[in-house]
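Enquirer: Here's a structure for you.
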Amino acid sequence: MASDDYTRIMGDIQALFRSRLQIQILLALADGDKTLAQLRDRTGSSSQALIPKIRGLESQMLIEQRNYEYLLTPLGLVLTSRITDFVMTIGAIRRHKDFWATHDLTGIPQEFLFDIGKLLNAEIVFDTTEDVIHVYTLFLKILKDAAFIHGAASMMSPGMGEAVFSRVIEGTPVELIVNQEAAGALTMEPYAPFLAQIRNYPNFKIYISQIPFRVGLTVTDKCLSLGLYKKDGKMYDSTTDLFSVDPDARDWGEKVFTYYKENSVILSI
């Protein structure tokens, strides 16, 4: 790109993002067409403040007026989708910055790390001195309330394994993906007896990943739970989890699960 073109483009970007109200207008219209009165309510701004910004966006062919309503043009829709993604990504990074800073993010496949804006509305749950098994208790509740369970585990614990296997016996559809290390643990005590009991249940499938992964992921019809290794990559952090009931987060988790599943084979029990 020529330096003059780059300078002009950077100028356009700076002009757009310098105006909080312009961004508010675009994001408001991303939810659907709006009248001037609705834009006033949405942005908390007066008509006198809105109209010049609207005219500026119209001149850039980003919005247009039709039947007394303002709407995004096709170009405006493209740009606003990128702005929405940027806003959500920045929001997720800032809101959960302590979680990201203290955990090994290489455990998340890069294509999904690029989409962590979907985790904006998640919350971080952690053990405390008053409740030293808070994360574990929440995990058990997630399993108990689930209509189905999709899990990807790079580590196993007897309590979690028993909870998953009990849901299988109750008839809950369960699909579990493990890495090579966890697969080896499943052939030994205390997991082997559980597997022997449920190996022929039609609602249970277990896979072994053909690619390395280092996460603890659980996706159900109601929520997402994500655990990671600590920053040094040596130990899984069982004391902290990212938890969300947001449909966008669940969809993100389901895509990560599908990615691992597509790179897995059925584990012979």
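The values are calculated or read from the model by the stated rules, or taken from the named source; none is laboratory data. Note that the structure is a prediction, hence the values are computed from the model and not measured. Cβ coordinates were reconstructed from backbone atoms using ideal geometry, including for glycine residues, and neighbour counts include every protein chain displayed. Ligands, DNA and RNA are excluded from the accessible area calculation, which covers all protein heavy atoms including side chains. Shrake-Rupley method; radii C 1.70, N 1.55, O 1.52, S 1.80 Å.
Enquirer: If only one of Tyr136, Tyr207 is open to solvent by 30 Å² or more (accessible area, probe 1.4 Å) and either touching a residue at least 40 places away in the same chain (Cβ under 8 Å) or of a type in the set (Ser, Thr, Tyr) (or both), which one is it?
Expert: Tyr136
Enquirer: Right, here's the next one. Could you say which residue among Ser47, Ser81 is among the polar types (S, T, N, Q), out of contact with any Phe, Trp or Tyr (no Cβ under 7 Å at 6 or more places or on another chain) and under 25 Å from Asp248 (Cβ atoms)?
Expert: Ser81
Enquirer: With the structure loaded, tell me whether Gly76 is crowded, with 18+ Cβ neighbours inside 10 Å and more than 30 Å from Ile211 (Cβ to Cβ) or whether it fails that test.
Expert: yes
Enquirer: Also, quick follow-up: Kindly evaluate Phe165 against the criterion of being at pLDDT below 90 and surrounded by 14 or more Cβ atoms within 10 Å (Cβ to Cβ).
Expert: The answer is yes for Phe165.
Enquirer: Inspect the range 210-217 for any residue being over 15 Å from Glu181 (Cα atoms) and within 20 Å of the chain's Cα centre (by Cα) and give the result as yes or no.
Expert: Yes: one or more hits.
Enquirer: Separate question: Could you please find all residues in the range 57-70 being of a type outside the set (Asp, Glu) and open to solvent by 20 Å² or more (accessible area, probe 1.4 Å)?
Expert: Passing the criteria: Ser59, Gln60, Met61, Gln65, Arg66, Asn67, Tyr68.
Enquirer: Right, next: Going through the range 116-143 one residue at a time, which ones are among the charged types (D, E, K, R) and in contact with a helix residue (DSSP H, G or I) (Cβ under 6 Å, 6 or more places away or on another chain)?
Expert: Those that are among the charged types (D, E, K, R) and in contact with a helix residue (DSSP H, G or I) (Cβ under 6 Å, 6 or more places away or on another chain): Lys118, Asp127.
Enquirer: Within the range 195-219, how many residues are of a type outside the set (A, V, I, L, M, F, W, C) and within 14 Å of Ile108 (Cα to Cα)?
Expert: Number satisfying all stated conditions: 4.
Enquirer: Take the range 39-55 and flag every residue that is among the hydroxyl-bearing types (Ser, Thr, Tyr) and either assigned to a loop (DSSP other than H, G, I, E, B) or over 32 Å from the mean Cα position of the chain (by Cα) (or both).
Expert: Those that are among the hydroxyl-bearing types (Ser, Thr, Tyr) and either assigned to a loop (DSSP other than H, G, I, E, B) or over 32 Å from the mean Cα position of the chain (by Cα) (or both): Ser45, Ser46, Ser47.
Enquirer: Now for a different question. Just name the residue that is surrounded by the fewest Cβ atoms within 10 Å (Cβ to Cβ) out of those in the range 179-191 that are of a type in the set (A, V, I, L, M) and farther than 15 Å from Val168 by Cβ.
Expert: Among them, the one singled out is Met188.
Enquirer: Looking only at the range 212-234, count every residue that is modelled with pLDDT of 90 or more and under 25 Å from Phe165 (Cβ atoms) and tell me the total.
Expert: Number of matching residues: 15.
Enquirer: Within the range 228-248, take every residue that is out of contact with any Cys (no Cβ under 9 Å at 6 or more places or on another chain) and of a type in the set (Ser, Thr, Tyr) and give me the one that is nearest to Leu119 (Cα to Cα).
Expert: Here the answer is Thr240.
Here's the yes/no breakdown for (1) open to solvent by less than 30 Å² (accessible area, probe 1.4 Å); (2) among the small types (Gly, Ala, Ser); (3) in contact (Cβ under 8 Å) with a residue 24 or more places away in the chain:
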{"position": "Gln14", "(1), (2), (3)": "no, no, no"}
{"position": "Gln22", "(1), (2), (3)": "yes, no, yes"}
{"position": "Leu27", "(1), (2), (3)": "no, no, yes"}
{"position": "Ser81", "(1), (2), (3)": "no, yes, yes"}
{"position": "Ile93", "(1), (2), (3)": "no, no, no"}
{"position": "Phe99", "(1), (2), (3)": "yes, no, yes"}
{"position": "Phe112", "(1), (2), (3)": "yes, no, yes"}
{"position": "Ile124", "(1), (2), (3)": "no, no, yes"}
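Enquirer: Being under 21 Å from Gln110 (Cβ atoms) and open to solvent by 50 Å² or more (accessible area, probe 1.4 Å) narrows it down to one residue among Lys255, Lys222, Lys234; which is it?
Expert: Exactly one residue qualifies, and that residue is Lys255.
Enquirer: Within the range 164-173, how many residues turn out to be in contact (Cβ under 8 Å) with a residue 12 or more places away in the chain and either touching a His at 6+ places or on another chain (Cβ under 8 Å) or farther than 17 Å from Tyr191 by Cβ (or both)?
Expert: Qualifying residue count for the region: 3.
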